[in-house]
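Take a look at the structure below.
The values are calculated or read from the model by the stated rules, or taken from the named source; none is laboratory data. Only a predicted model underlies this, so the values are computations on that prediction, with no experimental measurement involved. Because the Cβ atoms are built from the backbone with ideal geometry, glycine has one as well, and the counts that use them run over all protein chains shown.
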Amino acid sequence: MIDGRALGNDLRRGVRGRVFVAGEDGFEQARTPWNVAVRQEVSAVVEIADAVDAAAVVKYAASAGMAVSTRATGHSPSAAADGTILVTTRALDGVEVDPQARVARVQSGVQWGSVCGATAEHGLCGAVGSSAVVGLTGYTLGGGVGWFARSQGFAANAVRALDVVTADGAHTRVTADSDPDLFWALRGGGGDFALVTGLEFDLFETPQLFGGRILWPAERTAAVIAAFRDATAEAAEGLSIWLSLVQFPPFPQVPEFLRGKAMVAIDLLASGHVTDPLRYFDEIPGIVLDTRRPLDPTQIGDICMEPTNPTPAAVRGELLTDFSSETTDSLLAATAAGSVAPLAMIQIRHLGGALTRSSTEAGCSTTLTEPYLISLLGPIPTPEAGAAVLARQNSITEALRPHLSGRKPFTYLDSGETPAQAFAPESLSRLRSIKDHYDPRDIFRSNYPLNQN
């Protein structure tokens, strides 16, 4: 059994950042992830002040026979962190933009909102996801399928270099030239190989961004789904359209006229003159909210109206092989034509485009041939709510089973799922070999460890 006080004293002798162990003030708050539904029974929490601290923690863990897990925000935590020394990187928040080279260099605790704020003034953006408060590093190491995935591909593929601490406690800069195997694994394979302290990645120009959300009452669900099918069939790669069936909770942060209401939403982001398919949605009457407008990168995180405060939730993601009338009929039947309770949302993202094209320079997130991604999110403030959400997720998934590929993006894994559901067998085998080579003592523990079966 680990002596918490002794562990805390040992760690404090080696780092400048704050250390918390069980029984001390601040420990509960420090170990709690953004998704507060997941309780991580860690042995200690170290809020590292810099990369030197990171190396000190790794060296200590190696000498003590312990493992290290890492968190910036904790949007996708898991119980795999139990028993580890949890390293939080939120103090590593530096952002540097080189507009001439169209490159950003960031520290590993940075959230996407900070990056967008730094790049927007130069007319540039990175491969951002849907939320400004998600940590860039975890999202990118897991692949990253966001607003620009159709035109730019996986966020991980934009990475040019990573600053890491390896299992022997050494600082190193990983590039395609310095270490092609580790570079390949870190771009999409998660945090199982090293402790990342910084990333360098490509930016791209964002001319004439236009986007927002359109909301209708749930009674319009069938019409919106049909329009979504037609619009995505025509959409250029610069246009991303997401469909959501939403059950708004009665929370103060939700506008009063939406609280407790079942709605259907179209969220969209267009880069350039690619908005013609949106005409299908303009023909549907009954719009109760329309936030479409010209945007800059700092406003992208507002499109989906996602919560910015810690939330207890369970998310299940699946890849759809089609969005035919048969698929949509199954979806409508399973949701009673738009009612998703006790879930808060069912979202379908249009994929395709650059995600379907393989590249010799890509990381282990190579291609997604499936044209749509569906996610089912439910709030789980209590065990009873969690059971109801799980049952609803299972029933909808079973209804759509003939139209699911059986795989999912790495960042969409949830409790009880493993990397075998995210990677092709040959990719998983290579990732495990790289893990064994660089971390034979299994010091690094990602949210979904590669050695899980």
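If I filter the stretch 284-320 down to residues being among the charged types (D, E, K, R) and either closer than 30 Å to residue 418 by Cα or in contact with a His (Cβ under 8 Å, 6 or more places away or on another chain) (or both), which single residue comes out as modelled with the highest pLDDT?
Step one: filter the stretch 284-320 for residues among the charged types (D, E, K, R), giving 290, 292-293, 296, 302, 306, 316, 318.
With the extra rule that they be either closer than 30 Å to residue 418 by Cα or in contact with a His (Cβ under 8 Å, 6 or more places away or on another chain) (or both), the set shrinks to 306, 316, 318.
On the way: 306: 89, 316: 94, 318: 97.
If we take residues in the stretch 284-320 being among the charged types (D, E, K, R) and either closer than 30 Å to residue 418 by Cα or in contact with a His (Cβ under 8 Å, 6 or more places away or on another chain) (or both), then 318 is modelled with the highest pLDDT.
Any residue that is assigned by TED's automatic domain parsing to the domain that holds residue 323, over 30 Å from residue 309 (Cβ atoms) and within 26 Å of the chain's Cα centre (by Cα) - is there at least one of those in the stretch 240-255? Spell out how you get there, then give the answer.
So the first thing to find is which residues in the stretch 240-255 are assigned by TED's automatic domain parsing to the domain that holds residue 323, and the list is 240-255.
Narrowing further to those that are over 30 Å from residue 309 (Cβ atoms): none.
Within the stretch 240-255, none of the residues are assigned by TED's automatic domain parsing to the domain that holds residue 323, over 30 Å from residue 309 (Cβ atoms) and within 26 Å of the chain's Cα centre (by Cα).
Given the options 285, 277, name the one that is crowded, with 19+ Cβ neighbours inside 10 Å, over 30 Å from residue 76 (Cβ atoms) and of a type outside the set (Phe, Trp, Tyr). Can you show your working first?
On the way: 285 fails: crowded, with 19+ Cβ neighbours inside 10 Å.
One residue alone meets the criteria, 277.
Cβ-Cβ distance below 9 Å, separation of 6 or more or different chains: which pairs start in the stretch 60-75 with a residue that is under 9 Å from residue 443 (Cβ atoms) and end on one that is assigned to a loop (DSSP other than H, G, I, E, B) and acidic (Asp, Glu)?
If the second residue must be assigned to a loop (DSSP other than H, G, I, E, B) and acidic (Asp, Glu), the pairs left are 62/168; 67/442.
Tell me, which residue of the stretch 32-54 that is β-branched (Val, Ile, Thr) and in contact (Cβ under 8 Å) with a residue 60 or more places away in the chain is farthest from residue 93 (Cα to Cα)?
Among those residues, the one meeting the criterion is 38.
How about the stretch 1-20: which of its residues are farther than 19 Å from residue 91 by Cα and either part of a strand (DSSP E or B) or in contact (Cβ under 8 Å) with a residue 24 or more places away in the chain (or both)?
Answer for the stretch 1-20, where residues must be farther than 19 Å from residue 91 by Cα and either part of a strand (DSSP E or B) or in contact (Cβ under 8 Å) with a residue 24 or more places away in the chain (or both): 2, 4, 7, 8, 10.
Would the stretch 71-80 turn up any residue that is in contact with a Lys or Arg (Cβ under 9 Å, 6 or more places away or on another chain), surrounded by 16 or more Cβ atoms within 10 Å (Cβ to Cβ), among the polar types (S, T, N, Q) and under 19 Å from residue 34 (Cα atoms)?
We begin by selecting, within the stretch 71-80, every residue in contact with a Lys or Arg (Cβ under 9 Å, 6 or more places away or on another chain); these are 71-73, 77, 79-80.
With the extra rule that they be surrounded by 16 or more Cβ atoms within 10 Å (Cβ to Cβ), the set shrinks to 71-73, 77, 80.
Filter again for among the polar types (S, T, N, Q), leaving 73.
Next, from what is left, pick out any that are under 19 Å from residue 34 (Cα atoms): 73.
Within the stretch 71-80, one or more residues are in contact with a Lys or Arg (Cβ under 9 Å, 6 or more places away or on another chain), surrounded by 16 or more Cβ atoms within 10 Å (Cβ to Cβ), among the polar types (S, T, N, Q) and under 19 Å from residue 34 (Cα atoms).
In contact with a helix residue (DSSP H, G or I) (Cβ under 8 Å, 6 or more places away or on another chain), within 27 Å of residue 428 (Cα to Cα) and hydrophobic (A, V, I, L, M, F, W, C), is that true of residue 184? Walk me through how you get there before you give the answer.
On the way: in contact with a helix residue (DSSP H, G or I) (Cβ under 8 Å, 6 or more places away or on another chain): yes; within 27 Å of residue 428 (Cα to Cα): yes; hydrophobic (A, V, I, L, M, F, W, C): yes.
Yes: the conditions hold for residue 184.
Of all residues in the stretch 164-223 being of a type in the set (D, E, K, R) and within 19 Å of the chain's Cα centre (by Cα), which is farthest from residue 239 (Cα to Cα)? Even if it seems obvious, please write down each step before you answer.
If we filter the stretch 164-223 for residues that are of a type in the set (D, E, K, R), which is where we start, we get 168, 173, 177, 179, 181, 187, 192, 200, 202, 205, 213, 219-220.
Still in the list and also within 19 Å of the chain's Cα centre (by Cα): 187, 192, 200, 202.
On the way: 187: 25, 192: 34, 200: 26, 202: 20 Å.
Filtering the stretch 164-223 for residues that are of a type in the set (D, E, K, R) and within 19 Å of the chain's Cα centre (by Cα), the one farthest from residue 239 (Cα to Cα) comes out as 192.
Looking at the stretch 343-373, which of its residues are more than 22 Å from residue 270 (Cβ to Cβ) and surrounded by fewer than 18 Cβ atoms within 10 Å (Cβ to Cβ)?
358, 359, 360, 361, 362, 367, 369
List, please: which pairs have Cβ atoms under 6 Å, are six or more places apart or on different chains, and start with a residue in the stretch 429-440 that is under 14 Å from residue 186 (Cα atoms) and at pLDDT 95 or above and end with one that is of a type in the set (D, E, K, R) and surrounded by 13 or more Cβ atoms within 10 Å (Cβ to Cβ)?
434/181; 435/192
Please indicate, with yes or no, whether at least one residue in the stretch 189-197 is in contact (Cβ under 8 Å) with a residue 24 or more places away in the chain and touching a Lys or Arg at 6+ places or on another chain (Cβ under 7 Å).
The first filter runs over the stretch 189-197 and keeps only residues in contact (Cβ under 8 Å) with a residue 24 or more places away in the chain, leaving 189-197.
Going one step further and asking which of them are touching a Lys or Arg at 6+ places or on another chain (Cβ under 7 Å), we end up with 192-193.
Yes, some residue in the stretch 189-197 is in contact (Cβ under 8 Å) with a residue 24 or more places away in the chain and touching a Lys or Arg at 6+ places or on another chain (Cβ under 7 Å).
Conditions first: (1) outside the structural domain of residue 152 (by TED's automatic domain parsing); (2) crowded, with 21+ Cβ neighbours inside 10 Å; (3) acidic (Asp, Glu). Residue 192 passes all but one, so which condition is the exception?
(1)
Are any residues in the stretch 145-180 among the β-branched types (Val, Ile, Thr) and either touching a residue at least 40 places away in the same chain (Cβ under 8 Å) or crowded, with 20+ Cβ neighbours inside 10 Å (or both), and if so, which ones?
Those that are among the β-branched types (Val, Ile, Thr) and either touching a residue at least 40 places away in the same chain (Cβ under 8 Å) or crowded, with 20+ Cβ neighbours inside 10 Å (or both): 145, 159, 164, 165, 166, 174.
Among the candidates 298, 275, 232, 291, which residue alone is of a type in the set (Ser, Thr, Tyr), touching a residue at least 60 places away in the same chain (Cβ under 8 Å) and under 23 Å from residue 327 (Cβ atoms)? Outline the logic, then answer.
Values: 298 fails: under 23 Å from residue 327 (Cβ atoms); 275 fails: under 23 Å from residue 327 (Cβ atoms); 291 fails: under 23 Å from residue 327 (Cβ atoms).
Criteria check complete, one pass: 232.
Considering only residues that are within 16 Å of residue 69 (Cβ to Cβ), of a type outside the set (A, V, I, L, M) and touching a strand residue (DSSP E or B) at 6+ places or on another chain (Cβ under 7 Å), which ones fall in the stretch 1-38?
17, 20, 27, 31, 33, 35
If only one of 156, 167, 218 is among the small types (Gly, Ala, Ser) and touching a strand residue (DSSP E or B) at 6+ places or on another chain (Cβ under 6 Å), which one is it? Step through it out loud before you land on a result.
Working: 156 fails: touching a strand residue (DSSP E or B) at 6+ places or on another chain (Cβ under 6 Å); 167 fails: touching a strand residue (DSSP E or B) at 6+ places or on another chain (Cβ under 6 Å).
Result: 218 is the single residue among 156, 167, 218 that is among the small types (Gly, Ala, Ser) and touching a strand residue (DSSP E or B) at 6+ places or on another chain (Cβ under 6 Å).
Hey, residue 221 hits all of (1) part of a helix (DSSP H, G or I); (2) surrounded by fewer than 22 Cβ atoms within 10 Å (Cβ to Cβ) but one; which does it fall short on?
Failing condition for residue 221: (2).
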